[in-house]
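Each value in this text was obtained by applying a stated rule to the coordinates, not by laboratory testing. This structure is a prediction, so every number in the text was calculated from the model and none was measured. Cβ atoms come from the backbone with ideal geometry, glycine included; neighbour counts cover every protein chain shown.
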Amino acid sequence: MVFMVALMVPSTLWAAGCGPAEEPPAESPANPTATPPEAVTPPSDPPPEEDPCEPLIAEVTEVLNGGSTECSETADCGCYSGGMGPRSGCGGIANRATLDLLGPIAVRFRATECYPTVNCAPWSCTPICEDGQCRNTGGRGGLAGPQP
């Protein structure tokens, strides 16, 4: 009797439509429209977005690496803001030609809402031309140095 029950269960399920799934029709001369299922390719991750600040930091680095502190008078000297990459540090002194190149980059750096790359204490900038080089007499920490 056990043998009969085992044979009855599969045939009952098959009759109720619970049997194995039917295979899709294969392409044959009798069924020329059958097509194999297409392979599904998982979506790829989008490429990482470029940091808009990196090119600006590279520009600052290039200008400062090629810049100068040479001067002939105090009007030739000025200060630049820091925090625009490791090379700019917390700011510094440069000659007018270098500052003219840095100014527009600093404007774009702020307009792009780039974060300062370093946190710096306040400092005072009072540039002078001394012995053909731009120097700061203002010192750090907001304390003004001697004025010429």
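How high is the relative contact order of the stretch 53-136, in percent, with contacts defined as C-alpha pairs under 8 Å that are six or more residues apart?
In percent, rounded to a whole number, it is 38.
Sorted by packing (mean other beta-carbon atoms within 10 Å per residue), highest first, where do 61-70, 116-125 land?
In decreasing order of mean packing, 61-70, 116-125 become 61-70, 116-125.
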